[in-house]
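The values are calculated or read from the model by the stated rules, or taken from the named source; none is laboratory data. Just so we're clear, the structure is a prediction, and the values are computed from it rather than from any experiment. Don't worry about glycine lacking a Cβ; one is built from the backbone with ideal geometry, like all the others, and counts go over all protein chains shown.
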Amino acid sequence: MAPADPVGPRDEYQSLRSELADSKRYVFERPLLIAAGGLTAVGAFKVDTEYVAVVPIVIVGLLVFNLWFTANRLVSAGRIIAYIQLQLEAPRVAPWQGWETSLREYRKWIKRPQARETVDHELDREAVPDGFLYYPAIYKLHLGIAALAVVSSGWFAFGSSHFVPNVCAIGTLLLAMAFGVSATRRRPGKLATTIERNRVIWLHVLKEMPVNQPPQPSSEGAAARPA
């Protein structure tokens, strides 16, 4: 039995816009929380104890994860933005069938053997921005916190004769190298094409989807009626 109050494009638009807003908030808050937590931990351990050297390695480890998490959120945001542009804000390129149904076809399409080549060939590079407006600042914040953690770790090791700070300094340096590799792969320029790439994918997905148009809610126009 069909739901009494089916979700329509207007409801979907509001839901996806809300998800984008939440995603942006998390992207901003997480690195700040990591930095604040590190400062709090340093104050709790006190600088003159050997265990304060554990703080930098924890911070860099969290930054490695958070940069990966942030990049994934931006890729997801780009997918949503492109879908909104093509199906909810502009004249629709295909009959509306809903986000989840369309996303299923999207996942199937990107697994095709020639998917990447198709996107590279059809990408409109003139429309590619320099990057997500807020991502370069977040990216630099990650780099700054990581650099400060590495310097602090070396300082703790240099100023102590204990074993723990030296081991932590080595671990921090190794994690910093991993962070550097991750940061190189996820630099702002690499993510700048995210929205335009998703536009190409969605154009193919939406135009190739089998039409199975559900009845539209009354707020979006007259509902489909059987002949």
Report whether or not SER152 is of a type outside the set (Lys, Arg), touching a Pro at 6+ places or on another chain (Cβ under 7 Å) and over 22 Å from ALA71 (Cβ atoms).
-> yes
Is it the case that ILE195 is touching a residue at least 60 places away in the same chain (Cβ under 8 Å) and within 14 Å of the chain's Cα centre (by Cα)?
-> yes
Those residues that are within 18 Å of the chain's Cα centre (by Cα) and surrounded by fewer than 18 Cβ atoms within 10 Å (Cβ to Cβ), I need them from the range 85-109; list them, please.
-> LEU103, ARG107
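Taking the range 142-173 as the search range and keeping residues that are among the polar types (S, T, N, Q) and crowded, with 22+ Cβ neighbours inside 10 Å, which one is nearest to VAL27 (Cα to Cα)? Break it down into steps so the answer makes sense when it comes.
At the first step, the residues of the range 142-173 found to be among the polar types (S, T, N, Q) are 152-153, 160-161, 166, 172.
Checking which are crowded, with 22+ Cβ neighbours inside 10 Å leaves us with 153, 172.
Numbers: SER153: 26, THR172: 24 Å.
By that ranking, first place goes to THR172.
Among the residues of the range 175-186 satisfying the criterion of being more than 14 Å from ILE59 (Cβ to Cβ) and surrounded by fewer than 16 Cβ atoms within 10 Å (Cβ to Cβ), which is farthest from the chain's Cα centre (by Cα)?
As a first pass, look at the range 175-186 and keep what is more than 14 Å from ILE59 (Cβ to Cβ): 177, 180-186.
With the extra rule that they be surrounded by fewer than 16 Cβ atoms within 10 Å (Cβ to Cβ), the set shrinks to 177, 180-181, 184-185.
Working: MET177: 22, GLY180: 18, VAL181: 18, THR184: 16, ARG185: 14 Å.
Here the residue is MET177.
Table: residues versus (1) closer than 30 Å to ALA149 by Cβ; (2) modelled with pLDDT of 90 or more; (3) touching a Ser or Thr at 6+ places or on another chain (Cβ under 9 Å).
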site: ASN66; (1), (2), (3): yes, yes, no
site: GLY78; (1), (2), (3): yes, yes, yes
site: ARG112; (1), (2), (3): no, yes, yes
site: HIS121; (1), (2), (3): no, yes, no
Just a yes or no: is a residue in the range 178-189 modelled with pLDDT of 90 or more, in a helix (DSSP H, G or I) and farther than 30 Å from TYR51 by Cα?
-> yes
With respect to LEU67, is the statement that it is assigned to a helix (DSSP H, G or I), touching a His at 6+ places or on another chain (Cβ under 8 Å) and surrounded by 15 or more Cβ atoms within 10 Å (Cβ to Cβ) true?
-> yes
Only one of PRO226, PRO165 is modelled with pLDDT under 85, assigned to a helix (DSSP H, G or I) and either of a type in the set (Lys, Arg) or out of contact with any Pro (no Cβ under 8 Å at 6 or more places or on another chain) (or both), namely PRO165
Go through the range 119-159 and give me each residue that's in a loop (DSSP other than H, G, I, E, B) and closer than 20 Å to ARG79 by Cα.
-> LEU123, ASP124, VAL128, PRO129, ASP130, GLY131, PHE132, LEU133, TYR134
